[in-house]
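K.L.:
Sharing a structure below in structure tokens format, with a few things to ask.
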Amino acid sequence: MILECKDLTKTYHGFPALSDISLQIDEGHIIGLLGPNGSGKTTLIKLIAGLLSPSSGTISIEGNPVGPASKSLISYLPDHFYLDGHRKVKDIIGFFHDFYRDFEPLRAYDMLGKLNIDPNQKLKTFSKGTKEKVHLILAMSRRAKLYLLDEPIAGVDPAARDYILQTILSNYDENASILISTHLISDIENILDQVVFLHKGRIHTHACVDELRQETHKSIDDLFREVFKC
Amino acid sequence: MLRKLLKYEWRATCKVMVIMDSALILLTLAGCCILHTDIFNHTDAVPMAVLMVTLYALSLTALGIATLFYLYFRFYRNLFTQEGYLMHTLPVTPLQLLHSKLIVGYIWTLLNASLIMVSILCLAFVAGYHFAVTHGMDGIWDRMIKELALESPAAENGINAFYKIFGYTPLEFFRQLIWLQLIGSFVSLLTGYVSILLGQLIEKYKLMASVGFYIALYIINQIFCSILMLVPGLQILVQDTGNFLYSYYRDMMGYAILSQFLVGIVFYIAAVFLMRRRVNLD
Amino acid sequence: MPWNLNSDRPIFIQIIEKIQVDIISGLYMPGDKLPSVRELAQEASVNPNTMQKALSELERTGLVYAQRTSGRFITEDTTMIDELKSKLAKEIVTEFLENMQKLGFQKEETISLLEKTLATEKSTKGEADNDTGM
């Protein structure tokens with residue numbers, strides 16, 4: 001089991017961002033973490049990544065509690081830029097290679113090359129869309145056990161979205177799992193095989209995508225709209 | 001892992017610090033050159049001289065403060081803004097992150113403090129040498145060596161006079177000054193780091209809160225130091241030795257060092273505790 | 001042929017259907033080797049597990065068989081393929097007839113419409129051939 005959350009709760013000054021989250025994720029899945037804004041998706045991801053500490057409950061990644069061991073197994077892509085723009089891309093690659101044993105620089109250079117991104121340039125010289133792609137490439141160049149992608153396709157043009165989804169698919173590893181949080185469901189639902197619906201900090205549904213489609217005769221996008229109708 | 005963090009921390013801080021240090025070295029060289037000329041021999045030049053000395057002193061102070069504040073800012077920016085998302089998801093412990101910043105920061109702080117001292121010494125030396133040379137003082141070297149070399153208080157020279165008043169030799173004074181600088185630099189660095197960590201505990205306006213904490217910690221440090229320094233003063237009241245100033249000055253530095261040492265320990269423990277708490281990044 | 005996948009039906013069923021059509025239409029000839037699950041999944045932009053499920057189902061029906069190290073191959077049983085072709089064709093026809101009935105067409109009307117449409121198609125095709133000087 002790659003990820004196990006038991007009765008995970010996170011409260012901010014009495015406000016429960018997440019309540020009693022119990023979740024198990026096995027190897028080889030691409031899972032969509034879906035929910036409206038404020039449902040706790042980013043909070044859950046940050047808890048797993050080790051950027052927040054739970055108010056109660058446990059998290060274990062391949063049996064490890066959150067710490068340096070779990071962080072070496074997790075490749076995390078936040079929903080905003082987090083790399084120093086003043087650094088050159090190749091220096092950032094060197095940095096990742098230094099700290100993460102499972103980082104594969106050749107893969108990164110290969111993906112950058114296909115997009116004609118010059119690794120000798122500083123990150124800040126690139127357009128927003130290109131920066132997004134660089135961030136994604138770095139995250140996907142690791143042979144991690146768990147990939148946490150927080151809104152990887154929001155704020156990006158449709159062609160770039162396709163590229164991002166293709167990259168996620170082409171780097172798929174049956175020994176790893178990918179957890180993608182998003183609210184752009186129709187773009188992404190075909191690459192998911194499981195979904196978790198998060199509503200007001202609680203898990204509403206955790207199911208296989210095709211089973212849901214069979215039961216409800218709806219797309220996940222339609223189902224989402226129905227469940228989270230305002 | 002710590003070594004890797006140290007490597008990158010060093011690389012990142014090098015550029016700015018080298019620029020600052022180079023500026024100081026240039027300033028010192030310029031000062032040496034100016035002092036070696038006869039500009040200040042006229043009485044009209046006195047205000048000018050005073051101005052230049054003042055500017056020089058201000059520059060040194062500015063450099064010292066700039067070093068510290070740059071290091072504080074780097075700590076904040078690298079760990080508690082966007083980059084924090086990178087640093088806190090690296091496979092390292094929070095302590096390793098703290099230590100990497102402390103070690104590299106300390107090295108730079110000490111280096112800059114040393115450079116400042118060397119700069120002052122250089123200029124003082126050049127000024128004195130120039131004065132001695134232009135006023136035809138022969139054997140100035142020998143005299144200086146004679147005055148400074150002998151540690152034994154029994155000798156008849158400036159050192160002995162110093163000892164009679166203060167209770168220790170200039171060399172001992174220097175030694176204690178260096179200890180004070182070593183520990184003081186560490187505490188200054190830590191004060192900034194702890195303030196930033198404390199600021200992170202507050203919901204909003206974290207930076208402003210950090211500034212507030214910094215002032216508070218600084219004041220607390222001063223108060224504690226003053227309290228501790230009362231001890232030698234009280235000792236004098238209790239005991240009835242003839243030369244009370246003697247023992248006071250002798251112990252003063254020691255107590256200053258002790259107070260800073262204790263403050264340093266407390267601040268370090270606080271820093272470790274706060275770093276482990278797991279931050280809530282924006 | 002592009003994969004036109006509808007999100008409101010299980011994807012793996014649609015994959016099965018498309019591969020069946022590809023086999024019948026001759027895009028995949030009997031005995032041909034199928035690309036790997038990864039490649040197919042990437043081509044279709046679907047989850048590899050979903051693709052795997054579809055292929056496993058196709059294996060179960062016998063349309064596709066797996067050789068452990070070499071991969072998956074289309075069956076060489078042409079009878080099975082022909083049977084599948086007839087079955088699918090029948091399904092299309094049945095659906096067509098149902099739809100025509102919903103429109104209110106009687107059997108004879110449907111047949112005559114079919115014949116007329118086929119005739120016009122042939123003549124336009126013939127004209128097109130004449131135009132191109134064939």
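Every number in this text was worked out from the coordinates using simple rules, so none of it is lab data. What you see is a predicted model, and the numbers here were worked out from it, not measured in a lab. Positions of Cβ are backbone-derived with ideal geometry, glycine not excepted, and every protein chain shown enters the neighbour counts.
K.L.:
Please list, in order along region C:53-65, the HN-Hα scalar couplings obtained from phi with the Karplus expression 6.51 cos²θ - 1.76 cosθ + 1.60 (θ = phi - 60°), rounded to whole Hz, x for Gly and Pro.
P.N.:
4, 4, 5, 4, 5, 5, 5, 4, 6, x, 5, 10, 10
K.L.:
Could you give the nm distance between label points at residue C:4 and residue A:1, where each point is 7 Å from its Cα heading toward the beta carbon?
P.N.:
4.4
K.L.:
So what's the Cα pair-distance distribution over the protein assembly as shown, bin width 10 Å, in %?
P.N.:
3, 11, 16, 17, 14, 11, 9, 7, 5, 3, 2, 1, 1, 0
K.L.:
Hey, got the dipole for the protein assembly as shown? About the Cα centre, +1 on K and R Cβ, -1 on D and E Cβ, debye to the nearest 20?
P.N.:
1860
K.L.:
So what J values fall out for region B:57-74 if you push phi through Karplus, 6.51 cos²θ - 1.76 cosθ + 1.60 with θ = phi - 60°, rounded to Hz, Gly and Pro as x?
P.N.:
In residue order, the calculated couplings are 4, 4, 4, 4, 4, 4, 4, x, 5, 4, 4, 4, 5, 4, 5, 4, 4, 5 Hz.
K.L.:
Which translational diffusion coefficient, to the nearest whole µm²/s, is obtained for region B:1-137 from the Stokes-Einstein equation, given a Kirkwood hydrodynamic radius over C-alpha pairs, 37 °C and 0.692 mPa s?
P.N.:
Translational D for this selection: 189 µm²/s.
K.L.:
Here are some pairs, A:6/A:71; B:7/B:204; A:46/A:131; A:71/B:4; A:90/B:101; which of them have Cα atoms lying more than 26 Å apart in this structure?
P.N.:
Violating the 26 Å Cα-Cα cut-off are B:7/B:204.
K.L.:
Can you give the charge dipole size of chain A about its Cα centre, rounded to the nearest 20 debye, using +1 on the beta carbon of Lys and Arg and -1 on the beta carbon of Asp and Glu?
P.N.:
With Lys and Arg at +1 and Asp and Glu at -1, about 900 debye.
K.L.:
Okay, next question. For chain A, divide the Cα radius of gyration by the Kirkwood radius and give the resulting Rg/Rh value with two decimals.
P.N.:
0.96
K.L.:
Check which residues have an amide H placed less than 5 Å from residue A:198's amide H, if you skip close sequence neighbours.
P.N.:
Correct list: A:34, A:35, A:204.
K.L.:
Please work out whether region C:79-131 counts as rounded, prolate or oblate from its C-alpha gyration tensor, where a ≥ b ≥ c are the square roots of the eigenvalues and a/c under 1.5 means rounded, while otherwise a/b larger than b/c means prolate and anything else oblate?
P.N.:
oblate
K.L.:
Additional query: With unit charges on the beta carbons (Lys and Arg positive, Asp and Glu negative) and the dipole taken about the Cα centre of chain A, which residue among A:168, A:216, A:130 sits farthest to the positive side?
P.N.:
Of the candidates, A:130 comes out farthest on the positive side.
K.L.:
Could you bin all the Cα-Cα distances of chain C into 10 Å bins starting at 0 and give me the percent of pairs in each, rounded to whole numbers?
P.N.:
Per 10 Å bin, starting at 0, the Cα pair percentages come out as 11, 30, 26, 21, 12, 1.
K.L.:
Farthest toward the dipole's positive end in region C:11-77, which of C:48, C:74, C:15, given Cβ charges of +1 (Lys, Arg) and -1 (Asp, Glu) about the Cα centre?
P.N.:
C:48
K.L.:
Given +1 on the Cβ of Lys and Arg, -1 on the Cβ of Asp and Glu, and no further charges, what dipole in debye does region C:18-92 carry about its Cα centre, rounded to the nearest 20?
P.N.:
My answer is approximately 200 debye.
K.L.:
With point charges of +1 on the Cβ of Lys and Arg and -1 on the Cβ of Asp and Glu, referenced to the Cα centre of the protein assembly as shown, which listed residue (B:112, C:110, A:152) lies farthest in the positive direction of the dipole?
P.N.:
It is B:112, whose Cα lies furthest towards the positive end.
K.L.:
Out of residues 5 or more away from residue C:28 or on other chains, whose amide H comes under 5 Å of its own, with H placed 1.01 Å from N in the peptide plane?
P.N.:
It is C:23, by chain and number.
K.L.:
From the phi angles alone, apply the Karplus equation (6.51, -1.76, 1.60; θ = phi - 60°) to region A:223-229 and give each ³J(HN,Hα) in whole Hz, x where the residue is Gly or Pro.
P.N.:
4, 4, 4, 5, 5, 9, 4
K.L.:
Apply the Kirkwood formula to region C:11-77: the hydrodynamic radius equals the inverse of the mean of 1/r over all pairs of different alpha-carbon atoms; give it in Å with one decimal.
P.N.:
11.7
K.L.:
Which FRET efficiency value, to the nearest 0.05, do you get for residue C:115 and residue C:70 by plugging their Cβ-Cβ distance into 1/(1 + (r/R0)^6) with R0 = 51 Å?
P.N.:
According to the calculation, E is roughly 0.60.
K.L.:
Using the alpha-carbon centroid of each, what span in Å lies between region B:86-101 and region B:180-204?
P.N.:
When both Cα centres are located, 17 Å separates them.
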